[in-house]
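This report refers to the structure that appears directly beneath it.
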Amino acid sequence: MSAFFEKFRRVTASTNYQPEIDGLRFLALFMVVVIMHIIHYINHVFHDGSWVQRKYWYTLVTDGGTGVVLFFVISGFILSLPFAQMHLKKEKKVNLKRYYLRRLTRLEPPYIIALSILFFAEVYVLHKYSFAGALPHFIASALYIHNFVYQEASTILPLAWSLEVEVQFYLIAPLVCTIFLLTNKYARRGLMILIIVAGTFYWYNDWSVPHLFKYIHYFFAGILFADLYCTKAISIKQGKLYLLAGLVALAGFIFFNSQMELYSYLLKMCCMLGLFYLALFNKEMKSVFSNGFLVIVGGMCYSIYLWHQAIISFVGKLILKSGIDYGDSDYAPIFILLFIITVLVFSSIYFLLVEKPFMVFNSKRQWIRKSVS
């Protein structure tokens, strides 16, 4: 990669950095940003729902939201790995004070800054809400309790619902990871698998207000992978057959529609977990997800996730006022590309100016040296 693009590479304090994890983050972003939000916006705002109509394709667009649960699996893996190393390999003890300080100094500032900018824009620029009306929602969002207090997603940053779930897991992860104290590997992994399977069936097609326990099975999938990775329970699989299996799992994760039938949902989840497994343990799939472009974009996932919906809305409004025949479906691919480029450009600037400095700060302070960042 050129020196220019290297500026946008994430900075990590970890000595166990795995680029394929950022590659998986790219996939999760693609599902959420491109499939769910960009295509959905074009279909509903530019075409009044007439561009994508068939049930399979229409629901597949909203099913792009399953990229969020891939983020949950990733979080389960990276947050539990230091605890797995501590309990299972008797490596350096995780300093809980540093563990929680890392959240405050690495992830909170970019979130609060983005939330404050959006609050200011919606109150004083767009005049969407009054200051008094928006302030309670801002405070609830800043404290990650909007889902609980209002029983709905944040009115300022709607996607913060998933960040609230992430924070809930972050807070109790040290407690959850005491599962590694079970010395019998079959009992330990069996319990994890039981939680994963039970949660998969119990919460299927549940559209209630999001909370941690609704998604805990995805985090436990990541914890199980951390167990297998840490203990080297599975050798690195090589060969073109595994590469082919990985590509099939990738296609299945994208194109199986979990909103159609239970079996399709189960197949999609199996493909997601199989893909994660192969990205960790197969040399060829590791190489695919360690691609420089995927790693750099995936490494900026936090900034992109925070801003993409607002950018899509802003650019969309400009197009609506431009006089362009946005209802012509021939322009749709151009609009998709335009949205992708603007999201990447703005988010990259935010990453470089806001998020990355806090990454550098954490790297210098050497928070949790034995974790995957």
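The values are calculated or read from the model by the stated rules, or taken from the named source; none is laboratory data. The structure displayed is predicted, hence computed values, not measured ones. Heads up, the Cβs are rebuilt from the backbone with ideal geometry, glycines too, and the neighbour counts pull from every protein chain shown. These area figures cover heavy atoms from the full protein model, side chains too; ligands, DNA and RNA do not enter into them. Shrake-Rupley method; radii C 1.70, N 1.55, O 1.52, S 1.80 Å.
In the neighborhood of W51, defined by Cβ-to-Cβ distances under 12 Å, what is the net charge if each Lys or Arg adds +1 and each Asp or Glu adds -1?
-2
Which order, highest average first, do 211-219, 355-363 follow once you tally other Cβ atoms within 10 Å for each residue and take the mean per peptide?
The most tightly packed comes first, giving 211-219, 355-363.
Give, as a single signed number, the net charge of other residues whose beta carbon lies under 14 Å from the beta carbon of F289, with Lys and Arg counted +1 and Asp and Glu -1.
Combined, the nearby Lys, Arg, Asp and Glu give 0.
Taking θ = phi - 60°, what integer Hz values does the Karplus form 6.51 cos²θ - 1.76 cosθ + 1.60 yield along the range 333-350, in sequence order, with x for Gly and Pro?
Those phi angles translate into x, 5, 5, 4, 5, 4, 4, 4, 5, 5, 4, 5, 5, 5, 5, 5, 5, 5 Hz.
Take the Cβ-Cβ distance between T59 and S363 as r, set R0 to 56 Å, and report the resulting FRET efficiency rounded to the nearest 0.05.
That pair, T59 with S363, gives E of 0.85.
Using a 10 Å cut-off on Cβ atoms, rank the peptides 26-33, 343-350 from the highest mean neighbour count down.
26-33, 343-350
Between Y263 and Y202, take the C-beta separation as r, use R0 = 22 Å, and let me know the FRET efficiency to the nearest 0.05.
Taking R0 as 22 Å, the efficiency between Y263 and Y202 is 0.85.
For N282, what residues show an amide H to amide H distance below 5 Å, using hydrogens built from the backbone and excluding near sequence neighbours?
Amide H neighbours of N282: K237.
Read phi for every residue in the range 58-67 and hand back ³J(HN,Hα) as whole Hz from Karplus 6.51 cos²θ - 1.76 cosθ + 1.60, θ = phi - 60°, with x for Gly and Pro.
These are the phi-based 3J(HN,Hα) values: 4, 6, 5, 4, 5, 5, x, x, 5, x Hz.
What angle do you read, to the nearest 10 degrees and between 0 and 90, between the alpha-carbon axis of helix 131-142 and the longest principal axis of the chain?
That helix lies at roughly 20 degrees to the long axis.
On C-alpha positions alone, give me the angle between the axis of helix 356-365 and the longest principal axis of the chain, in degrees, nearest 10.
Relative to the chain, helix 356-365 is tipped by roughly 20 degrees.
So what is the calculated 222 nm ellipticity per residue for the chain, using -39500 (n - 2.57) for each DSSP H run with n of 4 or more, over all residues, to the nearest 500 deg cm²/dmol?
Rounded to the nearest 500, the figure is -20500 deg cm²/dmol.
Which links in K89/K214; K89/K283; K128/K321; K90/K283; K7/K92; K185/K240 stretch past 21 Å when you go from one Cα to the other?
Table pairs above 21 Å Cα-Cα are K89/K214; K89/K283; K90/K283; K7/K92; K185/K240.
Can you give me the relative contact order of the range 92-201 as a percent, contacts being Cα pairs under 8 Å and 6 or more apart?
17
Output wanted: per-residue J couplings in Hz (rounded whole) for the range 112-129, from phi through Karplus 6.51 cos²θ - 1.76 cosθ + 1.60, θ = phi - 60°, x for Gly and Pro.
Working through the residues one at a time gives 5, 5, 4, 4, 5, 4, 5, 4, 4, 5, 6, 8, 9, 9, 8, 6, 6, 9 Hz.
Excluding ligands, DNA and RNA, what is the solvent-accessible area per residue of the range 100-216 at a probe of 1.4 Å, expressed in Å²?
In whole numbers, the range 100-216 has 52 Å² accessible per residue.
With a cut-off of at most 14 other beta carbons within 10 Å, and DSSP calling the residue loop, which GluC sites (Glu not before Pro) in the range 1-105 qualify? Please list them.
E91
For the range 262-319, report the translational diffusion coefficient in µm²/s to the nearest whole number, using Stokes-Einstein at 10 °C, 1.306 mPa s, and a Kirkwood Rh over Cα pairs.
D = 113 µm²/s.
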